[in-house]
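The values are calculated or read from the model by the stated rules, or taken from the named source; none is laboratory data. Only a predicted model underlies this, so the values are computations on that prediction, with no experimental measurement involved. As a convention, Cβ positions derive from the backbone with ideal geometry for all residues, glycine included, and neighbour counts pool all protein chains shown.
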Amino acid sequence: MKLLIVGSGGREHTLAWKIAQSDKVTKIYALPGNAGMSAITERVNMSVMDINGIADFAEREKIDLTVIGPESPLIVGLTDELEKRGLKVFGPGKDAAQMEGSKIFAKRLMLDNRVPTAGFEEFDDAAKACDFIESIASKSGDPIVVKADGEAAGKGVFICKTKKAALDAIDTIMNQKAFGESGNRVVIEEFLDGQEASFMCFVDGEKFVPMIPAQDYKRACDNDEGPNTGGMGCYSPVPVVTAEVSKFVIDFIVKPTLKALKNMGIYYKGVLYVGLALTSRGPKVVEFNARFGDHETQVVLPLLKTDLVDILLACAEGRLDTIDVNWYNRSAVCVVMASGGYPGDYEKGKVITGLDEAEKAGAMVFHAGTATKDGECVTAGGRVLGVTAVGNTYQECIDKAYAGVRLIHFDGAHYRNDIGARLL
Ligand code: AMP
Ligand code: GLY
């Protein structure tokens, strides 16, 4: 089989690594991929948003399955275009991807179907949104959560500790249009306390199989200090997501959500990512994503025993019930190495050394923002590498991942020292 992976992050490198282990696969293309993917894929220099270009390529190369990593091409309908041409795809169509592409779509679906989530109001008028903030600001001491409705590259969520911050957020989103059209509408919602966890499921249009949960670290610095990032580290499984919590999530979140979509004539196919808050009043949905998490994938897929290609294809063909999905009874930890300055401004093009040494020491190095320049691997993004280790205990994973991290060098490299520490 010939597979095409769309995307260029750590998630896509991990997908390529896992897919390459399948004996059914003869060739993997990465569009556009990153430096770490060059050894196991043939890279295609094209934008992930070039929907017709990608479909032309997949048609011409007779790709047996296209696996779409990031949300943006899903939201604009890459799956629909490929399927229109009779090609198989792993990833939801445009309608289903609204679960991530529109906060209001997802919130209304949850409200109408009693799926537990933060209480909310939606607004398409900045003045009315501000009036609402004025009316609730003094009622509880909790932060006010303001979200742009549409896609905002993970930056459209504001957790506002003061009324002024909330009013400023409305101004940024709705008046200054910091996220373009995505800010035409906003959601103002209740603050959810408690630990977060990522609960991803493989979905085939109707049936689903949960993956092992993961938990990530969003803040840039140790002890959860510093600004929010795309994620600085991750582990799986998650002790606080007990069997009981998982059952609750399946029965009261995943099942009613997929049923509600089906009732709307939407057959969700791909990964349904449930971002959970484990609040004192039970698990609630913080967000849905329409794709594998980056970097949850870097810890979850190494624990998957079953051939990933069998699962992806079964999802694309609507026969997930024909596959037995099995997992290793082990743990995984991923430590992200980022460019100095991330998530703010940072320099690119720093030479990376020690990658082979880290692999020899037992870590798996998944590339994110890397490129090849004059034969050397250089930094090319904020999150540069996800250094991952699998082991029988969390301690073993942490030791192996950090041993790898210490062998890798690039100018200004930044990483957290406490990934997984709360597990010990
Ligand atoms: P979202 O894009 O909706 O997932 O939001 C990004 C991040 O903001 C989440 O992972 C949470 O850490 C935080 N967040 C979003 N909504 C809430 C909420 N209602 N209460 C507390 N934190 C939230
Ligand atoms: N790790 C969070 C996400 O993929 O959205």
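Taking the criterion of being in contact with a Cys (Cβ under 6 Å, 6 or more places away or on another chain) and assigned to a strand (DSSP E or B), would at least one residue in segment 236-249 satisfy it?
At the first step, the residues of segment 236-249 found to be in contact with a Cys (Cβ under 6 Å, 6 or more places away or on another chain) are none.
There is no residue in segment 236-249 that is in contact with a Cys (Cβ under 6 Å, 6 or more places away or on another chain) and assigned to a strand (DSSP E or B).
Against the condition modelled with pLDDT under 95, away from ligand 1 (no atom under 16 Å from the Cβ) and touching a helix residue (DSSP H, G or I) at 6+ places or on another chain (Cβ under 8 Å), how does Glu81 come out, does it pass?
On the way: modelled with pLDDT under 95: no; away from ligand 1 (no atom under 16 Å from the Cβ): yes; touching a helix residue (DSSP H, G or I) at 6+ places or on another chain (Cβ under 8 Å): yes.
Judged against the criteria, Glu81 is not a match.
Please enumerate the residues belonging to segment 159-202 that are aromatic (Phe, Trp, Tyr), under 22 Å from Tyr273 (Cα atoms) and either more than 9 Å from ligand 1 (Cβ to nearest atom) or free of Cβ contacts under 8 Å to residues at least 12 places away in the same chain (or both). Explain how you work it out, then say what you get.
Restricting attention to segment 159-202, the residues satisfying the condition of being aromatic (Phe, Trp, Tyr) are 179, 191, 199, 202.
Checking which are under 22 Å from Tyr273 (Cα atoms) leaves us with 191, 199, 202.
If the condition is that a residue be aromatic (Phe, Trp, Tyr), under 22 Å from Tyr273 (Cα atoms) and either more than 9 Å from ligand 1 (Cβ to nearest atom) or free of Cβ contacts under 8 Å to residues at least 12 places away in the same chain (or both), then Phe199, Phe202 are the ones that fit.
How many residues, within segment 17-54, are part of a loop (DSSP other than H, G, I, E, B) and surrounded by 24 or more Cβ atoms within 10 Å (Cβ to Cβ)?
Applying the first criterion (part of a loop (DSSP other than H, G, I, E, B)) to segment 17-54 yields 20-26, 33-34, 38-41, 44-50.
Restricting the remaining residues to those that are surrounded by 24 or more Cβ atoms within 10 Å (Cβ to Cβ) gives 33-34, 41.
Residues that pass the stated criteria total 3.
Filter segment 177-208 down to the residues that are of a type in the set (Asp, Glu) and in a loop (DSSP other than H, G, I, E, B), then identify the one that is surrounded by the fewest Cβ atoms within 10 Å (Cβ to Cβ).
If we take residues in segment 177-208 being of a type in the set (Asp, Glu) and in a loop (DSSP other than H, G, I, E, B), then Asp193 is surrounded by the fewest Cβ atoms within 10 Å (Cβ to Cβ).
Please work out if Val6 is within 16 Å of ligand 2 (Cβ to nearest atom) and in contact with a strand residue (DSSP E or B) (Cβ under 8 Å, 6 or more places away or on another chain). So that I can check it myself, show each step before the final result.
Values: within 16 Å of ligand 2 (Cβ to nearest atom): yes; in contact with a strand residue (DSSP E or B) (Cβ under 8 Å, 6 or more places away or on another chain): yes.
So Val6 passes the test.
Scan (1) within 21 Å of Ser331 (Cα to Cα); (2) away from ligand 1 (no atom under 14 Å from the Cβ); (3) assigned to a strand (DSSP E or B) for the single condition Gln215 breaks and write down its number.
Exception for Gln215: condition (2).
Just for segment 221-240: of the residues that are crowded, with 19+ Cβ neighbours inside 10 Å and within 15 Å of ligand 1 (Cβ to nearest atom), which one is farthest from Ala153 (Cα to Cα)?
The selected residue is Val238.
Is it true that some residue in segment 43-59 is within 21 Å of Gly154 (Cβ to Cβ) and more than 16 Å from ligand 2 (Cβ to nearest atom)?
The answer is yes; a qualifying residue exists.
Can you tell me how many residues within segment 220-248 are in contact with a Pro (Cβ under 8 Å, 6 or more places away or on another chain) and either within 13 Å of ligand 2 (Cβ to nearest atom) or modelled with pLDDT of 95 or more (or both)? I'd like the intermediate steps shown before the answer.
The initial filter retains those residues of segment 220-248 that are in contact with a Pro (Cβ under 8 Å, 6 or more places away or on another chain), namely 220, 227-230, 236-238, 241, 245-246, 248.
Adding the requirement that they be either within 13 Å of ligand 2 (Cβ to nearest atom) or modelled with pLDDT of 95 or more (or both) leaves 220, 228-230, 236-238, 241, 245-246, 248.
So the answer is 11.
Provide a single number: the residues in segment 263-294 that are away from ligand 1 (no atom under 16 Å from the Cβ) and touching a strand residue (DSSP E or B) at 6+ places or on another chain (Cβ under 8 Å). Give the derivation first.
Initially, segment 263-294 is screened for residues away from ligand 1 (no atom under 16 Å from the Cβ), giving 263-270.
Filter once more, keeping what is touching a strand residue (DSSP E or B) at 6+ places or on another chain (Cβ under 8 Å): 267-270.
Counting residues in segment 263-294 that are away from ligand 1 (no atom under 16 Å from the Cβ) and touching a strand residue (DSSP E or B) at 6+ places or on another chain (Cβ under 8 Å) gives 4.
In the set Thr14, Thr66, which member is part of a strand (DSSP E or B) and at pLDDT 95 or above? Working first, answer last.
On the way: Thr14 fails: part of a strand (DSSP E or B).
Just one listed residue meets the conditions, Thr66.
For segment 286-302, check the following and say yes or no: at least one residue is surrounded by 16 or more Cβ atoms within 10 Å (Cβ to Cβ), more than 14 Å from ligand 2 (Cβ to nearest atom) and of a type outside the set (Gly, Ala, Ser). Explain how you work it out, then say what you get.
First pass over segment 286-302, keeping only residues surrounded by 16 or more Cβ atoms within 10 Å (Cβ to Cβ): 286-302.
Checking which are more than 14 Å from ligand 2 (Cβ to nearest atom) leaves us with 302.
Okay, now just the ones that are also of a type outside the set (Gly, Ala, Ser), so 302.
The answer is yes; a qualifying residue exists.
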